[in-house]
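First comes the structure, then the notes that go with it.
The values are calculated or read from the model by the stated rules, or taken from the named source; none is laboratory data. Here the structure is a predicted model, which means the values were calculated and not measured. Glycine also receives a Cβ, built like all others from the backbone with ideal geometry; neighbour counts cover every protein chain displayed. These accessible areas exclude ligands, DNA and RNA; they are computed on the full protein's heavy atoms, side chains included. Shrake-Rupley method; radii C 1.70, N 1.55, O 1.52, S 1.80 Å.
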Amino acid sequence: MAEYKAPLREMHFLLHEVFAADQLWARLPGLAGAVERETADAILEEMAKLAANTLDPLNRSGDEEGCHWAEGEVSTPAGMKEAYATYCEGGWGALLGNPEYGGMGMPKMLGAQVEEMINSASISFALYPMLTAGACLAIDTHASEALKQKYLPKMYEGTWAGVMDLTEPHAGTDLGMIRTKAEPQEDGSYRITGSKIFITGGDQDLSENIVHLVLAKLPDAPAGSRGISLFLVPKYLVNEDGSLGERNGVHCGSIEHKMGIKASATCAMNFDGAKGWLVGEVNKGLAAMFTMMNYERLGVGIQGLGASERSYQNAREYALERIQSRAPSGPQQPDKAADPIIVHPDVRRMLLTQKALIGAGRALSTYVAQWLDIAKFGEGEEKQHAEGMVALLTPVAKAFITDAGLECTVLGQQVFGGHGYIREWGQEQLVRDVRITQIYEGTNGIQALDLVGRKTVANGGAYFELFATDVQAFIDREGGREEMAEFVLPLSAGLQCLKEVTASLIARAKEDPNAPGAASVEYLHLFGYVAYAYMWARMAAKALPKAGEDDFYKGQVKTARFYFARLLPRTQSLAASVKAGSGTLMDIEAELF
Ligand SMILES: Cc1cc2nc3c(=O)[nH]c(=O)nc-3n(C[C@H](O)[C@H](O)[C@H](O)COP(=O)(O)OP(=O)(O)OC[C@H]3O[C@@H](n4cnc5c(N)ncnc54)[C@H](O)[C@@H]3O)c2cc1C
C-alpha cells in the first residue's frame with residue numbers, strides 16, 4: 001500500500017486560487033482577523049502530518065481487530081486511544097468551535113479539507129470526532145446557556161465526546177415512528193426510556209464522558225415527526241463544578257458486526273430512565289437535530305472523498321510499477337519483460353475517472369463549505385442566499401460524492417486485478433469502508449428525495465435558480481475567453497439540460513405524486529455531473545494560463561478535458577431516465593416482483 005500523502009497542492013489550489021478563500025475570510029464579519037492564508041496553510045500541513053504518521057497506520061490494524069464489547073463497555077482497537085489523545089492534544093476538536101466556549105472559530109472551507117485528510121487516513125477514526133463536532137454545533141445553536149457552558153468546552157477539548165441517537169429498530173428513515181419516551185421531572189430534567197440502534201460511538205473507551213443527543217417523545221406529544229423533542233443525555237452526570245458524577249442510566253447492550261468501518265463502534269443503546277435535558281423547544285427536536293445532521297451530511301460526503309483519494313493514491317503507484325502485457329502501440333519499456341499497466345487505455349480510464357471525480361468532489365465540498373461559511377458568518381441578504389445554496393447542495397454533496405466514492409474505490413480495487421480483492425493491499429477495505437457512506441445520515445435515496453421534493457419542487461425551483469444563476473454568471477464571465485470554449489460550451493449545454501429537466505419535473509409533480517420519487521436518484525446524479533462540470537470549468541479557468549509552466553496545472557487541465565469528454569456525457573442517459581416518468585415503475589403489481 002502506498003504511504004498516504006495529503007494532497008496539499010490540490011487543497012491550496014482550491015482555497016487560494018479557485019475560491020480565493022482569504023478574500024472571503026477578510027470580509028466576513030466573524031472571520032476577519034481570525035484566519036488568513038498562512039494560518040490556513042500551517043493548519044493543513046499539521047493535519048497532513050497527523051493523518052499520515054498517526055492515523056493512517058492504524059487503519060488496517062483497526063479493521064483487523066475491530067471493536068470489543070464486554071459487560072456493557074466497549075473498547076476500541078489497539079492504538080486508537082493514543083491516537084485520539086494526540087488528536088485532542090493538538091486542539092483539533094476545537095477547530096470550528098465557537099470561541100466563546102473554547103473553540104477556534106475557523107471556517108468550514110478549511111475544516112472540510114482537514115476532514116478529508118482524517119477520512120483518507122481512517123473513516124473509522126474520523127467518525128468519533130466528526131460526531132462530536134456535529135453535536136457541539138447542535139448544542140451551540142439550540143441549547144440553553146447553562147448547557148452550553150457546562151458541555152461545550154469539554155467537548156471541544158475532546159475530553160467528552162458527542163453522539164447522535166435517532167434510529168430505533170422499527171424507525172430509521174421514518175423518525176416520526178420513534179417510541180423512546182421523555183417524562184418531565186420536577187427539577188426541570190426528563191427521564192428518558194427506550195432503545196436505540198446503530199449508534200456510532202454510543203460507547204467507547206476514548207473519552208471520559210459521552211454526550212448523547214437523543215430524539216424522544218413527551219407523553220402528550222402529537223403523533224409523527226411534529227411530536228419529537230431533542231435531549232442531551234450524558235453517560236456520566238456532570239456535577240455543578242464540572243466534575244463527573246454518577247453513572248447515568250444509558251448503557252450499550254451490544255455492538256454490531258458489520259461490512260466495514262470496523263474500528264468504529266456501532267452500538268445498541270438502552271435508556272433506562274436516564275436523566276436528560278431538553279435542547280431547543282418541545283416538539284421541535286427534529287429541526288434541532290437537523291442542524292447536526294446537515295453538518296454530518298457534508299461530512300459524510302467528505303468521507304466518500306477521503307476514501308477515494310486513498311484508493312487513487314494506491315492505484316496510481318501500483319499502475320506505475322506493475323508490469324503486465326505490452327502497450328498496444330508497441331513496447332514502452334523494452335528492457336523489461338512487459339510494460340507497466342499504466343500504458344493500457346483501460347487502466348488510464350480507471351485512474352482518470354478516479355482523478356476527475358476526486359478533483360471535482362474536493363472542489364464541490366469546498367464550494368458547499370464556502371456557502372456554509374457565508375451562511376454562518378455573513379449578514380442580511382447574502383446570508384439568506386447562502387442558506388438557500390446550502391439547503392440545495394447538501395443532499396447533492398452527501399449522495400453524489402459518496403456514490404462517486406464507491407465507484408472510485410471499486411475502480412481503485414480493479415486496477416490491482418486479483419491483488420485488489422485480497423486483503424494485503426488495502427484496496428478491498430476501502431470499498432467496504434466507503435459503502436456505509438451511501439446508507440447512513442439518510443440513505444442516498446432519501447437525499448435524492450430531499451433534493452427533488454423539499455429543496456426543488458416545494459419552492460417552485462427557487463433554490464435551484466440561485467445555483468443556476470451562479471453557474472450562468474461564470475459562463476458569461478468566461479465565455480469571452482477563446483481557450484475556455486472547450487469547457488464553457490459543454491457546461492452551458494449541461495446547465496440548459498438540467499434547467500429543462502428541473503422545470504418539467506416541477507410541472508409533472510403537480511399531476512403525478514410518484515413523479516419526484518421516480519426521478520429522484522437519476523435527477524440527483526444529473527445535478528451532480530453538471531455541478532462537477534462547473535467545478536472542473538472553474539479549475540480549468542485558473543489552471544489554463546499556467547499549464548505551460550507547471551506540471552500541476554497541466555494535470556488539472558488534462559483531467560478537466562477527460563471529465564468533459566468522458567464523464568459529463570453520462571448526463572444524457574440520466575436525463576432520458578428522468579424524463580421517462582413513473583409509469584413503468586408503478587405499473588407492475590407488487591406480487592409480480
Ligand atoms: C454503521 C452504521 C452507523 C450508523 N450510525 C448512526 C448513528 O450514529 N445514529 C443514528 O441515529 N443512526 C445511525 N445509523 C442508522 C442509519 O442512519 C439508518 O440505517 C439509515 O438512516 C436508514 O434507516 P434504516 O436502516 O431503518 O432503513 P429503512 O428506513 O428501513 O429504509 C430501507 C430502504 O427503504 C428506502 N426508503 C425508506 N423510506 C423511503 C421513502 N420514503 N422513499 C423512498 N425510499 C425509502 C431507504 O432508502 C432504504 O433503501 C447507522 C447505521 C449504520 C449501519
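With respect to the stated conditions, residue 480 is modelled with pLDDT under 95 and either more than 16 Å from the ligand (Cβ to nearest atom) or not charged (D, E, K, R) (or both). When residue 539 is evaluated against the numbered criteria (1) among the aliphatic types (A, V, I, L, M); (2) surrounded by 23 or more Cβ atoms within 10 Å (Cβ to Cβ); (3) more than 20 Å from residue 477 (Cα to Cα), which criterion, by number, is the only one it fails? Tallying (1) among the aliphatic types (A, V, I, L, M); (2) surrounded by 23 or more Cβ atoms within 10 Å (Cβ to Cβ); (3) more than 20 Å from residue 477 (Cα to Cα), residue 539 fails exactly one: (3).
Table: residues versus (1) assigned to a loop (DSSP other than H, G, I, E, B); (2) in contact (Cβ under 8 Å) with a residue 40 or more places away in the chain.
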position: 225; (1), (2): no, yes
position: 232; (1), (2): no, yes
position: 241; (1), (2): yes, no
position: 251; (1), (2): no, yes
position: 254; (1), (2): no, yes
position: 259; (1), (2): yes, yes
position: 269; (1), (2): no, yes
position: 276; (1), (2): no, yes
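Residues in the stretch 491-510 that are open to solvent by less than 40 Å² (accessible area, probe 1.4 Å) and more than 28 Å from the chain's Cα centre (by Cα): 509 only.
Working carefully through the options 457, 452, 410, 434, find the one that is surrounded by fewer than 22 Cβ atoms within 10 Å (Cβ to Cβ) and either polar (S, T, N, Q) or within 16 Å of the ligand (Cβ to nearest atom) (or both). Write out each step before concluding.
Details: 452 fails: surrounded by fewer than 22 Cβ atoms within 10 Å (Cβ to Cβ); 410 fails: either polar (S, T, N, Q) or within 16 Å of the ligand (Cβ to nearest atom) (or both); 434 fails: surrounded by fewer than 22 Cβ atoms within 10 Å (Cβ to Cβ).
Residue meeting the stated conditions: 457.
Quick one: which residue in 265, 216, 307 is touching a Leu at 6+ places or on another chain (Cβ under 6 Å), farther than 22 Å from residue 450 by Cβ and within 15 Å of the ligand (Cβ to nearest atom)? Please lay out each step first, then the result.
Working: 265 fails: touching a Leu at 6+ places or on another chain (Cβ under 6 Å); 216 fails: touching a Leu at 6+ places or on another chain (Cβ under 6 Å).
The match here is 307.
Annotation note: Cβ proximity below 6 Å between a residue of the stretch 480-504 that is free of Cβ contacts under 8 Å to residues at least 24 places away in the same chain and a residue that is surrounded by fewer than 20 Cβ atoms within 10 Å (Cβ to Cβ) and assigned to a helix (DSSP H, G or I) (sequence gap 6+ or interchain) occurs for 492/475. Every residue in the stretch 1-43 that is assigned to a helix (DSSP H, G or I) and of a type in the set (A, V, I, L, M), please. 8, 11, 14, 15, 18, 21, 24, 26, 40, 42, 43 - these are the residues of the stretch 1-43 that are assigned to a helix (DSSP H, G or I) and of a type in the set (A, V, I, L, M). Whenever a residue of the stretch 173-192 is farther than 15 Å from residue 212 by Cβ, its partners that are aliphatic (A, V, I, L, M) and open to solvent by 30 Å² or more (accessible area, probe 1.4 Å), lying with C-beta atoms within less than 7 angstrom and at least six residues away or across chains, give the pairs 173/446; 175/286. Just wondering, is there one or more residues in the stretch 189-201 that are within 16 Å of the ligand (Cβ to nearest atom), charged (D, E, K, R), closer than 20 Å to residue 249 by Cα and part of a loop (DSSP other than H, G, I, E, B)? Checked the stretch 189-201: no residue is within 16 Å of the ligand (Cβ to nearest atom), charged (D, E, K, R), closer than 20 Å to residue 249 by Cα and part of a loop (DSSP other than H, G, I, E, B).
If you go through the stretch 484-500 one residue at a time, do you hit one that is within 16 Å of the ligand (Cβ to nearest atom), over 30 Å from residue 59 (Cα atoms) and assigned to a helix (DSSP H, G or I)? Steps first, answer last, please.
Our first condition is that a residue be within 16 Å of the ligand (Cβ to nearest atom); within the stretch 484-500, this holds for none.
The answer is no; no qualifying residue exists.
Selection of the stretch 6-22 for residues being within 16 Å of residue 375 (Cα to Cα) and surrounded by fewer than 16 Cβ atoms within 10 Å (Cβ to Cβ) yields an empty set. The condition (being open to solvent by 10 Å² or more (accessible area, probe 1.4 Å), within 12 Å of the ligand (Cβ to nearest atom) and farther than 28 Å from residue 80 by Cβ) is satisfied by just one residue among 142, 170: 170.
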